[in-house]
Amino acid sequence: MNLLRQCVAITNANLRSLGRRQWISISLVFSVTLVTMILLGFLAMANGFNKTLTQMGSEDVAIVMGLGARSELGSSIAPPHIHLLEEAPGLVKNPQGTTVLSAETIVPVDVLGKQDHLPATVSLRGIGAHGLTLRPSIKLVSGRLFTLGANELIVGQRLSQEYEGLTLNDTIEFGRSRWKIVGIFEANGSVFESELLSDVKVVQILFNRPNQVQSLRAQLAGPNSLEQLTSYIDANPRLPVRVLSEKQYFSAQSERVSQIILWLGWPISLVMALGAIIGALTTLYSSVSDRQVEIATVRALGFSRISAFVGTWLEGLLLTLVGCFIGLCAALLLLDGWAASTVGTDNTQIAFELKLSFSMAANAVLLALLVGAIGGGLPALHATRIPLRLAMTRRS
């Protein structure tokens, strides 16, 4: 208990003397605030991107791509293969006996941002007659659906908000083709809101891609239907394709891009944390230097070396925690829910929202504690080695 009282007394004295070192202390707090915000920014970006993709995945919808393709843009399915897949087991048929299947083609097109007026690439997706049936999350918020056989588009709400020429009733040119925006849709914040949708046959004709199909979407009949479809494909050498559930496909896509974001975010945050540690060392060495006589005096009065160490060390921890708290509040106010976009695996823009979580806040606090613990350790050790004679001579 005596040691605890000594530690509290020295820590209290250190904090009371912060006014003499306010600017250098503020610089430490500010640097930790920046480290916290940058780390949380990258973590929230990876989390938001991951949620945007994974929340749209369905176990009841299969995606078929060319064998060896990792994404739809790099895939190709020949018309004879489509006919074989229409007869595959495990797929739902409508009352007319037609397989609920959508042949789809993706064309990257360039648009201009509303804020920066810089070009960006987005996905124009041509879908079959059942394309919207297989995307039940899509709901029109204004306008109407495109007409089959017409140069008409419906646009995801996020794209409409972020890019020029994509609002209702606009006409936009892609190469030599002109398109009319007839509808704006939302899809519960999923990646579908980052696409333009139209009739697949019109897309193929206007972009000179006759009969080109990059992927198929199909409605699965039941829980074991994916296995039935996979077995059918594996047993048929005429089908050089692979099949995944929609959930599996988007989980794989989100994992790759999220890893890239984190591989960038953590090294940058750790480099900045190293800078903050150097700032903490400078601040706390200055603190110890400013209080040498005080520390020597209390040591001469019987305070232990441990109390001198703990008092200085806690000063560093508390300053870094203050910076972390400010960074957490700023991130919550400025970053959580902030609209952003990044390039997906198909080299097209995917819009999403940054999402913070408790685990991210815990990571930020741990990093701040690491900065305070390392940055305060050496100055605190130095405080225990101040000679007691300074209490008498009052000079350093």
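The values are calculated or read from the model by the stated rules, or taken from the named source; none is laboratory data. Since we're looking at a predicted model, the values are computed, not measured. In this analysis, Cβ positions are derived from the backbone assuming ideal geometry, glycine residues included, and neighbour counts consider all displayed protein chains.
Applying the criterion of being at pLDDT below 75 and not in a helix (DSSP H, G or I) to the residues of the range 349-383, the residue that is surrounded by the fewest Cβ atoms within 10 Å (Cβ to Cβ) is Glu353.
If you go through the range 81-89 one residue at a time, do you hit one that is closer than 17 Å to Ala129 by Cα and in contact (Cβ under 8 Å) with a residue 40 or more places away in the chain?
Going residue by residue through the range 81-89, those that are closer than 17 Å to Ala129 by Cα are 82-83, 85-86.
From what's left, in contact (Cβ under 8 Å) with a residue 40 or more places away in the chain: 82, 85.
Yes.
Any residue at all in the range 220-229 that's buried (at least 18 other Cβ atoms within 10 Å of the Cβ) and either in contact with a Pro (Cβ under 9 Å, 6 or more places away or on another chain) or not assigned by TED's automatic domain parsing to the domain that holds Arg125 (or both)? Among the residues of the range 220-229, at least one is buried (at least 18 other Cβ atoms within 10 Å of the Cβ) and either in contact with a Pro (Cβ under 9 Å, 6 or more places away or on another chain) or not assigned by TED's automatic domain parsing to the domain that holds Arg125 (or both), which makes the answer yes.
Among the residues of the range 103-111, is any in contact with an Asp or Glu (Cβ under 9 Å, 6 or more places away or on another chain), outside the structural domain of Gly311 (by TED's automatic domain parsing) and either among the hydrophobic types (A, V, I, L, M, F, W, C) or free of Cβ contacts under 8 Å to residues at least 24 places away in the same chain (or both)? Among the residues of the range 103-111, at least one is in contact with an Asp or Glu (Cβ under 9 Å, 6 or more places away or on another chain), outside the structural domain of Gly311 (by TED's automatic domain parsing) and either among the hydrophobic types (A, V, I, L, M, F, W, C) or free of Cβ contacts under 8 Å to residues at least 24 places away in the same chain (or both), which makes the answer yes.
Rundown of residues vs (1) over 25 Å from the mean Cα position of the chain (by Cα); (2) of a type outside the set (Gly, Ala, Ser), yes/no style:
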position: Gln259; (1), (2): no, yes
position: Met272; (1), (2): no, yes
position: Gly279; (1), (2): yes, no
position: Thr283; (1), (2): yes, yes
position: Ala296; (1), (2): yes, no
position: Ser307; (1), (2): yes, no
position: Val310; (1), (2): yes, yes
position: Gly327; (1), (2): no, no
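Ile278 meets each of the listed conditions (1) assigned by TED's automatic domain parsing to the domain that holds Gly41; (2) within 28 Å of Asn47 (Cα to Cα); (3) surrounded by fewer than 19 Cβ atoms within 10 Å (Cβ to Cβ); (4) in contact (Cβ under 8 Å) with a residue 12 or more places away in the chain apart from (2). Criterion applied to Val8, Val100 was being surrounded by 15 or more Cβ atoms within 10 Å (Cβ to Cβ) and either under 16 Å from Glu246 (Cα atoms) or free of Cβ contacts under 8 Å to residues at least 40 places away in the same chain (or both), and the one residue passing it is Val100.
Is there a residue being of a type outside the set (Ser, Thr, Tyr), assigned to a helix (DSSP H, G or I), in contact (Cβ under 8 Å) with a residue 60 or more places away in the chain and closer than 24 Å to Gly48 by Cα anywhere in the range 193-214? Yes, because at least one residue in the range 193-214 is of a type outside the set (Ser, Thr, Tyr), assigned to a helix (DSSP H, G or I), in contact (Cβ under 8 Å) with a residue 60 or more places away in the chain and closer than 24 Å to Gly48 by Cα.
Among the residues of the range 161-168, are any buried (at least 19 other Cβ atoms within 10 Å of the Cβ) and hydroxyl-bearing (Ser, Thr, Tyr)? Yes, some residue in the range 161-168 is buried (at least 19 other Cβ atoms within 10 Å of the Cβ) and hydroxyl-bearing (Ser, Thr, Tyr). Count of the range 133-142 residues, restricted to those that are surrounded by fewer than 19 Cβ atoms within 10 Å (Cβ to Cβ) and touching a residue at least 40 places away in the same chain (Cβ under 8 Å), is 6.
On the basis of being on the phi < 0 side of the Ramachandran plot and in a strand (DSSP E or B), does Leu153 make the cut? Judged against the criteria, Leu153 is a match.
Applying the criterion of being at pLDDT below 90 and among the hydrophobic types (A, V, I, L, M, F, W, C) to the residues of the range 169-215, the residue that is surrounded by the most Cβ atoms within 10 Å (Cβ to Cβ) is Val191.
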